[in-house]
Amino acid sequence: MLEVKNLKKRFGDFEAVKGISFTVPKGEVLGFLGPNGAGKSTTMRMITGFLPPTSGTAIVCGHDISLEPVEAKKNIGYLPESAPSYRAMAVGEYLGFIAGMRGFYGAEAKERVEAAIEKAKLSPVARKTIDTLSKGYRQRVCFAQAIIHDPAVLIMDEPTDGLDTNQKYVVRQMIKEMAAEKSIIISTHILEEVDAVCTRAIVIADGEIKADGTPDKLRAMDPSGKLDVVFRNLTSKEAKL
Ligand code: ADP
Ligand code: MG
């Protein structure tokens, strides 16, 4: 369970996130929807403890990310924007390293790595060097890294960005397969993602929440019933002129 409480972030004079609050119960896949520069990544970095908020906080399974970062982070899996990893390592070797960082050793580490490889559908490339993989596989390696400790909360920053249609499909399947057990947030600027995987969506622009509801509720906000029209009305400065 994840509770985000009035998160704000200021970079110098610029307020990138202006007070964002929401709760994600178990079983929910929350789409974090917004144009480039809306504040999606900044909010996710604050929730995962990578960036200290100017004010506000996030409570992860009862642990405040600012006050109890170690306990909170044990319950978080994070797939950062552009899916970084150690590209010179082989897939299995990298995941073994991550398992060690998460405090697993010996037989348990091996089991964790095997389970993550299975869930992220990486078996065919487990021995390959990450650098030699396609973008879709590299994304899945980062996905495997995010779930190795079976976290209750999974935060994914644009997990399908730059993937082709088939690769997107696989990543969305992986998200759906574990949705029942977890609280999941995925950020995206791709509207089709909402219908494909999300049970709820938050539209964010200029560091603020502009709408929050089920995909059907969001669609009902415009007579056209089209998500792209609703999205444009909520997020485009030109549309308001
Ligand atoms: P999104 O992920 O929705 O595209 P970001 O959260 O990355 O948006 O960025 C939100 C705004 O904050 C942007 O205007 C961006 O330029 C700014 N920003 C993000 N990180 C920094 C930083 N470290 N220093 C200054 N400005 C930043
Ligand atoms: Mg971003």
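The values are calculated or read from the model by the stated rules, or taken from the named source; none is laboratory data. Source: prediction; values computed, not measured. In this analysis, Cβ positions are derived from the backbone assuming ideal geometry, glycine residues included, and neighbour counts consider all displayed protein chains.
Where strands (runs of 3 or more DSSP E) fall entirely within the stretch 129-241, those with at least 2 residues that are among the β-branched types (Val, Ile, Thr) are at 153-157, 183-188, 200-205. Against the conditions (1) away from ligand 2 (no atom under 16 Å from the Cβ); (2) assigned by TED's automatic domain parsing to the domain that holds ALA16; (3) at positive phi, LYS121 satisfies every one except (2). Check the stretch 170-186 and report whether any residue there is within 16 Å of ligand 2 (Cβ to nearest atom) and touching a Leu at 6+ places or on another chain (Cβ under 6 Å). Looking for residues that are within 16 Å of ligand 2 (Cβ to nearest atom) and touching a Leu at 6+ places or on another chain (Cβ under 6 Å), one finds at least one in the stretch 170-186, hence yes.
The residues of the stretch 40-69 that are among the hydroxyl-bearing types (Ser, Thr, Tyr) and more than 16 Å from MET156 (Cβ to Cβ), listed by number, are THR54, SER55, THR57, SER66. Within the stretch 111-128, the set of residues being assigned to a loop (DSSP other than H, G, I, E, B), surrounded by 11 or more Cβ atoms within 10 Å (Cβ to Cβ) and not aliphatic (A, V, I, L, M) comprises LYS121, LYS128. Contact annotation: residue pairs with Cβ atoms under 8 Å, 6 or more positions apart or on different chains, pairing a residue in the stretch 185-198 that is in contact (Cβ under 8 Å) with a residue 60 or more places away in the chain with a partner that is among the aromatic types (Phe, Trp, Tyr) and crowded, with 20+ Cβ neighbours inside 10 Å, are ILE185/PHE32; ILE186/PHE32; SER187/PHE32; THR188/PHE32; LEU191/PHE231. Scanning the stretch 58-110 for residues that are acidic (Asp, Glu) and either away from ligand 2 (no atom under 16 Å from the Cβ) or surrounded by 21 or more Cβ atoms within 10 Å (Cβ to Cβ) (or both) returns ASP64, GLU68, GLU71, GLU93, GLU108. Among the residues of the stretch 54-68, those identified as more than 21 Å from VAL203 (Cβ to Cβ) and in contact with a strand residue (DSSP E or B) (Cβ under 8 Å, 6 or more places away or on another chain) are THR54, SER55, THR57, ILE59, VAL60, CYS61, ASP64, ILE65, SER66, LEU67.
Taken over the stretch 31-43, the criterion of being among the hydrophobic types (A, V, I, L, M, F, W, C) and surrounded by fewer than 24 Cβ atoms within 10 Å (Cβ to Cβ) is satisfied by ALA38 alone. Taken together, the residues in the stretch 12-44 that are free of Cβ contacts under 8 Å to residues at least 12 places away in the same chain and within 14 Å of ligand 2 (Cβ to nearest atom) amount to 1.
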